[in-house]
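Here's the structure we're looking at; comments come further down.
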Amino acid sequence: MEANGLEPKEAIPASRKLGRDDATELASNATTVIVAKGKKVVSFSPKGNPGDDVIAAMLGPTGNLRAPTLRSGKTVVVGFSEDEYQKVLID
C-alpha cells in the first residue's frame, strides 16, 4: 500500500482477535466480499444478509477473521491477492 501512496484509516493489531460476529458485521455492510486463499479467489454479493458460506470463507481454522482484511467503501477483501488489492485500491 505504501508503494502506491495509500495509508490505512485504521489498523487493528493481530493481538485483537476478530471472530464470527465481526465477520458478519463486515459482510452485512458490504456489497462485495472477496476472499483470497492462496491462488483461489472467490467473490460474494451478500446484499445485507451474508450466508454461512460467506462467513465461513472469511474465517480461518481458528475461527478468527483471516488476515489481512481490507474494507474499501462497500467492498471487503479477506486474505491477500495482489491482483484483487490492485483492482480494489488502484483501479
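Assorted remarks:
- Comparing 72, 45, 55 along the charge dipole axis of the chain, the residue lying farthest to the positive side is 55, per the Cβ-charge model.
- Placing dummy labels 7 Å off each Cα toward the beta-carbon, the span from residue 28 to residue 72 is 2.6 nm.
- About the Cα centre, charge dipole magnitude for the chain (Lys/Arg +1, Asp/Glu -1 at Cβ), debye: 200
- In the chain, the calculated helix contribution to ellipticity at 222 nm averages -5500 deg cm²/dmol per residue, counting -39,500 (n - 2.57) for every DSSP H run with n ≥ 4.
- Summarising the strand pairing of the chain, around 70 percent of its internal DSSP beta bridges are antiparallel.
- Percentage relative contact order, the chain, counting C-alpha pairs under 8 Å, at least six apart: 28
- Amide H contacts of residue 30 (H built 1.01 Å from N, in plane; Pro and chain starts excluded): 48 sit under 5 Å, all sequence-distant by 5 or more or on other chains.
- Listed residues 46, 13, 68, most fluctuating in the chain (Gaussian network, C-alpha, under 10 Å): 13
- Rounded if a/c under 1.5, otherwise prolate or oblate - region 12-60, Cα gyration tensor axes: oblate
- Rg/Rh (Cα only; Kirkwood hydrodynamic radius) as it applies to the chain: 0.94
- FRET efficiency, 1/(1 + (r/R0)^6) with R0 30 Å, evaluated for residue 42 and residue 7 via beta carbons: 0.60
- Straight-line cross-link reach from residue 74 at under 17 Å between alpha-carbon atoms covers these lysines, not counting any fewer than eight positions away in the same chain: 9, 47, 87.
A short reminder: the numbers here are calculations on the coordinates, not readings from a lab. These numbers come from a predicted model, not from an experiment. For neighbour counting, all protein chains shown are included, and Cβ atoms are generated from backbone atoms with ideal geometry for every residue, glycine included.
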